[in-house]
Every structure is written in structure tokens, then in C-alpha cells.
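Presented below is the structure to which this report refers.
The values are calculated or read from the model by the stated rules, or taken from the named source; none is laboratory data. What you see is a predicted model; the values in this text were computed from it and never measured. Don't worry about glycine lacking a Cβ; one is built from the backbone with ideal geometry, like all the others, and counts go over all protein chains shown.
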């Protein structure tokens, strides 16, 4: 059954609610009718310059209203969106663009210098297939607004099916090199509809997007106006106090933040001065929230908190509903009804309740494979269509799942599995600790031992020895912290995930 395309609903909302605001970005806003008209103009112009159905088109920019327009237009002509992490540059950027086979690219002026440094190394992108947003250039680039103004406002009429490839999302690469995750229209529509049910989202909701749109979560949220009819408020980047102001001024009802953003919001000195009563639901993912942080969010924001667990490959397959956040604080939630979940041992056999295993997932939200990486795709799946996530967890007798860690992050000390998250949770209970990341380091006696990287709260002072003593007094012998280092900040990607592989590189250099 063809369930349609990601963009198809925009036409309906433009007809039924033409004057309702679809998107706000700073001082800019577009109604559904205005957005639909601009998307059609851009889509028709893309066809005029040679874009064809199935063409891969990259986007290299921070959050902005033009990124939303471009994504909708790419979908409308049946091309394939490839949003690129705006922090990638140099050889990594050239490799990523060549790996994606992108024929065209949208680049904002702020990223142009980084793009021009590698343009000569690109296989398929040339000056005339580069669309520049935000300024003019002496080069033969296509100017975004000029391209927009040349297009007709009528629907271009390209037949786009639910089975057509919609996007290639590159993984964050926190534990390995990025891979191109292929998503069809059907997968993305289903992911958005299922999340709407789980979040109880209605057409009158106002959704805040502060996470990068190139990331899987931000990418999904930006298409909610077309599919659900909601209004989205997009910020260029995340600023804690400005975010609280936006929630108050725009009467935001639902907002998604990653754990590091919640920590920053709770640190705003004037937090209590803002009227946040419009908020009905806060959502978190990316990495599990620490137990103490969950309790503080519920207490200070005074609205529901929902946590989900998944990946770009799987979508959300475990959800912690607001009613269970305090009751089962350490859990990431229960299995959703539309996905199958297993926990497997090293022999790919199901583990029992309370035992540790690797998550394997099957269901309609799953991606279609890694782009041009058939071997990686084959390795990731078990017979029967089960995708191995690389995440370790366990389940209790009530069906609540507990994330232990990434399999690649696990420390093996004296032959015993040590999960960094268990150690991190202990350190988070110390009143002076703001953030923490634990990795394995070589140890002559045990093979590996735990090393902690800690960010202290502002104006707090602690010695490494004192914090190690505190942590080890609450840990089993095999979990004990051997070394602890203070940092001003933890290395993160723009979506908020801690880059533990960067910390590991530093450890390896020191050995």
C-alpha cells in the first residue's frame, strides 16, 4: 500500500488552513499557504536547472528557514535529501560528499569558505550545481532567492511514492566513522505518525526545534507541519536563556532537548522568571538522562517528560511515558507496540529477565540499509530482519528496559564487563559534578580500568583524589575509577552526544 510522500500534506494544510502559521524563525514566519507557494517555486526551479527524481542533493548549513524550504522542495521533486553536519570540514567533508554521490548542494554563505576549500576535490558537484543562500558571489553559483523567484507556484506534479528513497542521513560517528542511513518516504511518514501518537501531538501544538536539522531528530521534527499540521519554531542554534524566552513568547507546547541542553537550561540563573506554563510535554533522547536530572526537570518545568530510545537506523523503539518517569527513573522505558525488541547474548540467543544483552530490533521503522555499504548492512542484520543496534541493556519483570551502554564503550576489566554508565550515574550524584564521561584505559593488571572525565559546576572546587574516593566508595571493586581528569567541557557533536572516541584518542596518545 502506498501511504504517500512526506511533503504531500502541506498542500492540504495550505488549502484548509492557509493563514495559520506553519514556521517561525527569528523575525521570519510563513503561513501554510506561503510555505507551500515558496516550496513549489523552488521545486519548479530545481527541475528547470536539471534536478531529476532520485538525484542526491546535499545541504550544508546551520538551522534556518531556507533549510526547511529546501528540504520540502527536494522531497517535492522526488530527489534525495542529504543533510550534512555543518561542523564537518576539510577532507572529511570532501569524502562525505563524494561518498553520497550528491549532484547538487545547498550551501549557506557562512559555510562557503569551508566548502570552497574542498570544492576542487568533489566528483559530481560543480559551481553551477551549487545553490548559495545568504549572499552573492563572483563564482557561477546559483543564487537561492533568484532561483526561488524564477519558479512557478503551481505544484510541479512529480509522482513521488512512499517506497521512493527520501533521505540519506549520516550517522553521528560517536563510536565509528559515519555511515549513510537510507530512509524512504514511507519510513519517515510512519516515524512521524507514530511519534505523534506517543507524544499526543495535535494540529494546534507549537513545537520548538533547537537541535540541528541535519540530525535525525531535528530532521523528523521539521516535517511535522506537512504531516501533522503543527507549527514549528526553529532556532539557529541553542542558547539556554534565549530558549526560555522563545518558549514564553511563542507559547511553545512541546519541545525536544538532548540531556546536555536540559542541564544548560536548568543552570540559567533567571529560570524562575520565565512563564513556561504553555509547555505540555518535554521530550529527551540522544543519550539517557541521569536520574537526578530527570527529577529536577519534572520539578522545575512542571510539565510531562517523555524519554525515548532509538537511533537513526531504528527510530524510537522504547519510550518512557511521563507517568513512569519518576516511578522507574533509572529505566529508558518500555517497548513500543509497533516494534519488536530482543536482548541477545554473544551467541545471539535471547537472555532472561535481568540479564545483560545487546538490543536487536525489527519492525516498520527500520532503515533500508547503509548507502553503498552492502557489507556493513549485511553485518548489522541477523536472519529474519533483526537489526543489531550495538547497545547493551537489560529488562525487568515489568517490561521496563535499562540501557547499560554502547557495546563498543564497554570496559572489560579482569574479564568482567564494566558499563561506564553505571560509574557515570554514581558521579552524577555528587553535588559538585555537572557532567561526566567514563571510558576504558589500558591497565597492566586488569587489561582495562575506568577513567573519568568530569566537568564541575560553576565556582565549585574538588580534587581528583576526593572525587575518585567518593565514586569508589559507591562502586564494586571491579568498577572502581583509576584516573579522573577535570575538563571545562566534554567534546560533543552538534546533536549533543559526547564524543567518547575523541577521549579515547587522547588516552591512546598518552600511552
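If you check residue 348 against the conditions, is it more than 30 Å from residue 277 (Cβ to Cβ) and surrounded by fewer than 19 Cβ atoms within 10 Å (Cβ to Cβ)? Considered against the rule, which asks whether it is more than 30 Å from residue 277 (Cβ to Cβ) and surrounded by fewer than 19 Cβ atoms within 10 Å (Cβ to Cβ), residue 348 comes out as yes.
Only a single criterion out of (1) farther than 26 Å from residue 505 by Cβ; (2) part of a helix (DSSP H, G or I); (3) touching a helix residue (DSSP H, G or I) at 6+ places or on another chain (Cβ under 6 Å) is not satisfied by residue 426, namely (1). Scanning segment 351-372 for residues that are touching a helix residue (DSSP H, G or I) at 6+ places or on another chain (Cβ under 9 Å) and either surrounded by 15 or more Cβ atoms within 10 Å (Cβ to Cβ) or not assigned by TED's automatic domain parsing to the domain that holds residue 329 (or both) yields 358, 365, 366, 367, 368, 369, 370, 371. Summed over segment 446-488, residues that are closer than 19 Å to residue 409 by Cα, over 33 Å from the mean Cα position of the chain (by Cα) and not in a helix (DSSP H, G or I) total 3. Among the residues making up segment 113-144, those that are under 29 Å from the mean Cα position of the chain (by Cα), assigned to a helix (DSSP H, G or I) and closer than 24 Å to residue 41 by Cα are 129, 144.
One residue stands out among those in segment 214-247 that are more than 19 Å from residue 278 (Cα to Cα) and not in a helix (DSSP H, G or I): the one that is nearest to the chain's Cα centre (by Cα), which is 215. Checking every residue in segment 282-300 against the condition of being assigned to a strand (DSSP E or B) and either on the phi > 0 side of the Ramachandran plot or free of Cβ contacts under 8 Å to residues at least 60 places away in the same chain (or both) gives at least one match. Just one of the listed residues (418, 395, 341) is surrounded by 18 or more Cβ atoms within 10 Å (Cβ to Cβ), touching a strand residue (DSSP E or B) at 6+ places or on another chain (Cβ under 7 Å) and modelled with pLDDT under 95, namely 418. From the list 441, 392, the one residue that fits, being farther than 20 Å from residue 503 by Cα and in contact with a helix residue (DSSP H, G or I) (Cβ under 6 Å, 6 or more places away or on another chain), is 392.
Please specify each residue of segment 5-43 satisfying the condition of being exposed (fewer than 15 other Cβ atoms within 10 Å of the Cβ) and not in a strand (DSSP E or B).
Initially, segment 5-43 is screened for residues exposed (fewer than 15 other Cβ atoms within 10 Å of the Cβ), giving 12, 15-16, 18-19, 26-28.
The answer is 12, 15, 16, 18, 19, 26, 27.
If the condition is being in a strand (DSSP E or B) and either crowded, with 18+ Cβ neighbours inside 10 Å or modelled with pLDDT of 90 or more (or both), then segment 398-414 contributes 400, 401, 402, 403, 404, 405, 406, 411, 413.
Exactly one residue among 216, 203, 242, 226 is more than 28 Å from residue 56 (Cβ to Cβ) and not assigned by TED's automatic domain parsing to the domain that holds residue 280, and that residue is 203.
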